[in-house]
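What follows draws every value from the coordinates through simple rules; no lab data is involved. Treat the numbers as computed from the prediction; the structure is a model and nothing was measured. Glycine also receives a Cβ, built like all others from the backbone with ideal geometry; neighbour counts cover every protein chain displayed.
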Amino acid sequence: MIKQQLHIALVEDEINIAENYRDALQRIGYRVSLFYNRQDALAAFTLALPDMAIIDVGLQDEYEGGFDLCRTLRQLSETLPIIFLTARSSELDEISALRLGADDYLTKDVSIHQVLARVSALFRRIQALKKPQSADEQVLSRGSLRINIERIETYWQEQPVILTLTEFWIVHTLAKHPGQVKNRDQLMDAAHVVLDNNTITTHIKRIRKKFSHIDSEFNAIKTAYGMGYRWVME
Amino acid sequence: MGHGVIIHFSLKTQLLLVASLMLLLPWAGCQSVSVLETSLRQSHSQLLDVKMTAAAQQIERKLNQSQYPNLNTNQGNYYAPLTDSKMLLDGFDGEESDWENITTPWFQLNTYNYVAGLSTEAKPSTTVKFKLAANDKLLYILIQTSALTPHYFNPMQPKKIADQLNIRSINNTGLISRWQINPQGSGRVEMHNMSKTMKTSRDAGTWLWRDGHYNIEIAIPINLASNAIGFDLVLNDQQQNQHFKSKPATTYERSLVREQWALNQQLANYIQPGLSLYLLNSQYWLVGQLNAEQVTDDSLENDDIQEEPSWLMHTIYNKLFTSDSLPYWREPTSLGRWRSPQQLEQTAWYQDSPINKQLNSKVIIVNGQQFYVVAVQDSRQSLLSASDALNQLLILLFTIIAVIVTGLFAFASSLSWRIVQMKKHYRAAIDSDGKIMAVPAASRLPDELGDLSRVMQQLTINQGKYTDYLATLADKLSHELKTPVAVIRTSLENMELSNLDPEATKYLTRAMQGTNRLSQTLNALSEANRLEQSLEYAQWQIVPLDDMLEELTEAYRQVYNSYQFQLKYDNNLEYAINLAPELIVQLLDKLISNAVDFSPVNDAIVFTLTKQDKQLKLTIENQGPHFSSDNISQLFDSMVSIRQQSETPHLGLGLHIVKLISDFHHGNINAKNLSGDKGVIFELLLPIENK
């Protein structure tokens, strides 16, 4: 099985939780390595990178040890999926995590089933990215927007927009059917992630900001209040 | 609890009131000056009394020596004031005549040959009056009749009836003189001396018939009439040979009392500024006088150049030092006679403007007759000397008081200002929820207020720490509890994945439910804190609120499909407003979730958007049960729930979040019960221009 080959590194200082997650992940077939602090994890990662890292923010004495670890991991690999799993629920932490290039940010009060769902969603997305899409869908052009699906590249007014995977799939989903309102669930499905409502909002904010960097007039993503978002062609 | 009406009584006012006690000082000053003035007045009275006693004795002696005529005034007498000028006997009195400046009474001449049996209508209506004035040579007489037809003496027909005037006079030595005037026409007349065997004539004066009546102005030597004089005017107007006489008898003269130059000279010996002297006979006729005004004019003008205090100062002094019980002064003499004899024989003070007067009278006996020497003294002298000192005292006192009061007021103002500033700072520092925005700087001044300020600052810092601790307590608590809860939950979930027998599954499900509930509670606890953090990242934009609400109500209709959502607004208006839309959606979500929880199924939840001057007003109305009026004011406070116990945990944070977002927008949220037995309305006011 492919899953057997997938190796997840779980960096969590709370042993009980770590082992509970490990048990659950192993039960559905992943290989799990447990690390209780940053140093151990880092030592292992420099030898061999796992297929995915699930990291707690606070690691023993290091209040933001997880963030440091994430930063190092991103230097080691641009594409390694990283999920933060933490008891902290402040937006600041979440924004910091996503800014560091984490693919997801989960609080410990989500159920283990959701964690499993996200893990598998992340792996599925990697699979999907590896598989080339049908030839006529490779490039999506919507006015100033151009998306290369195969190479996961986004251009606005012919300038590249650097988006995370999640952000890329959100933009893709919205731009594919301009004018249609995509609600949060649809966007989550498209991004192959399970996020809570506020996280979608955060993603949309960050997407807008990235486009606004290139074009201060950028206004293509409209909020449909209470319902979701839509792509508007100028 | 009802608010008691608190009358604001500022520190400044209080201090001003206390400072006004300083006004007691000038009052006390005035009191002491008043006492001084009273004693001055008494000593003045005594002084005057002593002087008067001496003067009265002197005058008495002088008059006795000078053989002042012994007048019989029992039957009434005539009075002639002193005229200092030689009068022109032109038959005129009134304005611009010699008589104008002489205050002398009119005397009546009566007709005594009244014939019984004449009807009343036939009574003569003619009246005759006369007045007198004298100097040391002549006695001037002005006789005036009412309107009549003149009958002049015709020397060609001496027997024919004609008007004539007879005069009898007696001098000091008892010599009786009789005179007769027979006018031959309007004009100059002669006077015949009837007492001498040889009939002599002399120029008498003028006998005028003017404007229908006689004006007779004549003069006789005073040394022939110094004791008594009488008139007998014979007229023939309505009745022939009608006599108008001084007395019915053939000796019709009456005593003549006159003001004498010699006596005035006597009195002039006692000349003194502000002193008027009057010498009265027993019938209170003025026989000699010395007026203060003359004195002032003559002697004071030279050496007393000092400025007269203004009438205002006088008025103030009089108000301060004159007791109201003093009677008002009025001119004591009228037409040569003392007005009120009861004033005499006593010493009294009178109030007058601008200066008070004191009156002192002494009785002297001259030739067995009673005379009064009356002195009227202006209190000007004493008052002036007192008032100079008083003036300075008052000015000094008022200056000191003004300085002290100003100083006190300024000091009070500065204290009050400091307190007000402190109040303002602390009011601004602590918002309505008791949250500390910024700790005001403490005063560095080394007084009690400075201490208070420093203590207040310390208290505020402590309170701030405590508030922060309280605010983060829930978050910390939830954070600390999350890990053990996660341990429990992940364990349970793992257990769920392993094969359990049905009995164990039952308990597992219960444990899972309990854990979920605990989890939700912990989330809710940290939600407000999370929101406060996320406010920093809020994105402001200008949004047409009507369009936004249209989208939202549509979304709510889909989510809560068993409720009616209505949106009312005026289509013609612009509702563009600067706000953080994500937060406003969150606010509305909370309000709607609250409304849906309480409102009966299928009822309408009504949004009404209206535009006010500089803000938009959104009301959300539902038909849920009333809030109890007790807790309506704390509805938006944290951890206040007015719900019945329900399945989902409820910490009353929803409306607190609404309040946080509303405050963040500088808006205002409040809730009210609708009239009627149910229905509540939330009212949100948002400023259009924000930030």
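Could you tell me which residue out of B:I218, B:Q289, B:Q266 lies farthest along the dipole of segment B:199-301 toward its positive end? Charges go on the beta carbon: Lys and Arg +1, Asp and Glu -1, centred on the Cα centre.
So the residue we want is B:I218.
With unit charges on the beta carbons (Lys and Arg positive, Asp and Glu negative) and the dipole taken about the Cα centre of the protein assembly as shown, which residue among A:V161, B:A133, B:T619 sits farthest to the positive side?
B:A133
Sort A:40-50, B:476-486 for me by packing, meaning the mean count of neighbouring Cβ atoms within 10 Å per residue, highest on top.
In decreasing order of mean packing, A:40-50, B:476-486 become B:476-486, A:40-50.
Compute the semi-axes of the equivalent ellipsoid of segment A:1-73, taking the square root of 5 times each eigenvalue of the Cα gyration tensor, and list them largest first in whole Å.
Details: eigenvalues 85, 42, 13 Å².
Whole-Å semi-axes of the equivalent ellipsoid: 21, 15, 8.
Mean separation of Cα pairs under 8 Å and 6+ residues apart, divided by the residue count of segment B:521-587: what relative contact order is that in percent?
With pairs under 8 Å counted, the relative contact order is 46 percent.
Over the whole of A:17-26, what's the average partner chain Cβ count within 10 Å per residue? Rounded to a whole number, please. The partial results should precede the final answer.
Values: counts 8, 2, 4, 10, 4, 2, 7, 5, 0, 0.
Mean inter-chain Cβ contacts per residue within 10 Å come to 4.
Can you give the direction-averaged projected area of the convex hull of the alpha-carbon atoms in chain B, in nm²? It would help to have the intermediate numbers written out before the result.
Working: hull surface 256.9 nm².
For chain B, averaging the hull's shadow over all directions gives 64.2 nm².
Order of B:D547, B:D237 from fewest to most other C-beta atoms within 10 Å?
Values: B:D547 12, B:D237 18.
Going from least to most buried by this count: B:D547, B:D237.
With springs connecting C-alpha atoms under 10 Å apart, model chain A as a Gaussian network and identify which of A:V171, A:V139, A:V161 has the largest mean-square fluctuation.
Result for chain A, Cα springs under 10 Å: A:V139 fluctuates most.
For the protein assembly as shown, what is the mean residue ellipticity at 222 nm derived from helices alone (per DSSP H run of n ≥ 4: -39500 (n - 2.57); sum divided by total residues; nearest 500 deg cm²/dmol)?
Counting only the DSSP helices, I get -13000 deg cm²/dmol.
Can you compute the charge dipole magnitude of segment B:204-290 about its Cα centre, using +1 on each Lys and Arg Cβ and -1 on each Asp and Glu Cβ, nothing else charged? Give it in debye, rounded to the nearest 20.
Working: 5 positive and 6 negative charges, 38 e Å.
Result for segment B:204-290 is approximately 180 debye, rounded to the nearest 20.
Starting with the highest mean, order B:662-668, B:157-163 by the number of other Cβ atoms within 10 Å, averaged over the residues of each peptide. Intermediate results must be reported in sequence, preceding the final value.
On the way: B:662-668: 18.4, B:157-163: 13.3.
Ranked by mean Cβ neighbours within 10 Å, highest first: B:662-668, B:157-163.
Normalising by the residue count of chain B, find the relative contact order in percent from Cα pairs under 8 Å and 6+ residues apart.
Taking the mean separation of contacting Cα pairs over the length of chain B, I get 9 percent.
Over chain B, what is the percentage of antiparallel beta bridges among all DSSP beta bridges, to the nearest 5? Walk me through the intermediate numbers first.
Values: 105 of 116 bridges.
Taking every DSSP beta bridge with both residues in chain B, the antiparallel ones total about 90 percent.
May I ask for the net charge around B:P332, where only other residues with Cβ less than 12 Å from the Cβ of B:P332 are counted and Lys, Arg are +1 while Asp, Glu are -1?
Working: positive: B:R330, B:R337, B:R339, B:K357; negative: B:E331, B:D352.
Summing Lys and Arg as +1 and Asp and Glu as -1 gives +2.
Which one of B:L15, B:Q634, B:I577 has its Cα pushed farthest toward the positive end of the charge dipole of chain B, where Lys and Arg give +1 and Asp and Glu give -1 at the Cβ?
The Cα lying farthest towards the positive end belongs to B:L15.
Hey, can you grab everything whose amide H is under 5 Å from the amide H of A:I55? Only 5+ residues off in sequence or another chain; H modelled, so Pro and N-termini drop out.
A:V11, A:I83, A:F84, A:L85
Shielding of B:488-501 by partners, i.e. mean partner chain Cβ atoms within 10 Å per residue?
If you average over the peptide's residues, the count of other-chain Cβ atoms is 5.
Got the relative contact order for segment B:134-264 handy, in percent, Cα pairs under 8 Å and 6 or more residues apart?
Working: 305 pairs, mean separation 38.4, N = 131.
So the answer I get is 29 percent.
Give me the orientation-averaged projected area of the Cα convex hull of segment B:180-252, in nm², one decimal.
5.9
Amide H neighbours of B:F371 under 5 Å, at least 5 residues apart or on other chains, H built in the peptide plane: list them.
Residues meeting the amide H criterion: B:I364, B:I365, B:V366.
Could you give the nm distance between label points at B:S414 and A:I28, where each point is 7 Å from its Cα heading toward the beta carbon?
Placing both labels 7 Å beyond Cα along the Cβ direction yields 7.7 nm.
I'd like to verify something in chain A: which complete DSSP H helices, judged by Cα projection on the helix axis, reach 24 Å or more and average at least 0.0 on the Kyte-Doolittle scale?
On the way: long enough: A:112-130 (27 Å, 0.45); A:197-214 (27 Å, -0.90).
Membrane-span-like by this rule: A:112-130.
Helices from chain B with mean Kyte-Doolittle at least -1.0 and a Cα length along the axis of 24 Å or more, per DSSP H: which?
Values: long enough: B:24-65 (60 Å, -0.19); B:380-429 (69 Å, 0.83); B:448-497 (71 Å, -0.24); B:502-535 (48 Å, -0.75); B:581-598 (25 Å, 0.74).
Passing helices, by number: B:24-65, B:380-429, B:448-497, B:502-535, B:581-598.
So what are the three principal axis dimensions of the protein assembly as shown from its Cα atoms, in whole Å, longest to shortest?
188, 60, 59
Based on other C-beta atoms within 10 Å, arrange A:R74, B:R168 from fewest to most. Mind showing how you got there, number by number?
Working: A:R74 15, B:R168 24.
The most exposed by this proxy come first: A:R74, B:R168.
Using only atoms on other chains, find how many Cβ atoms lie within 10 Å of each Cβ of peptide B:603-614 and report the average.
Working: counts 0, 0, 0, 0, 0, 0, 0, 0, 0, 0, 0, 0.
Taking all residues of B:603-614 together, the mean is 0.
If eta is 0.890 mPa s and T is 25 °C, what Stokes-Einstein diffusion coefficient results for segment B:426-576, Kirkwood Rh from Cα pairs, in µm²/s? Working shown, then result.
Values: Rh = 21.4 Å.
Approximately 115 µm²/s, per Stokes-Einstein.
Scan around A:V161 for amide H atoms under 5 Å from its own, H built in the peptide plane at 1.01 Å from N, and keep only partners 5 or more places away or cross-chain.
The answer is A:T154, A:Y155, A:W156.
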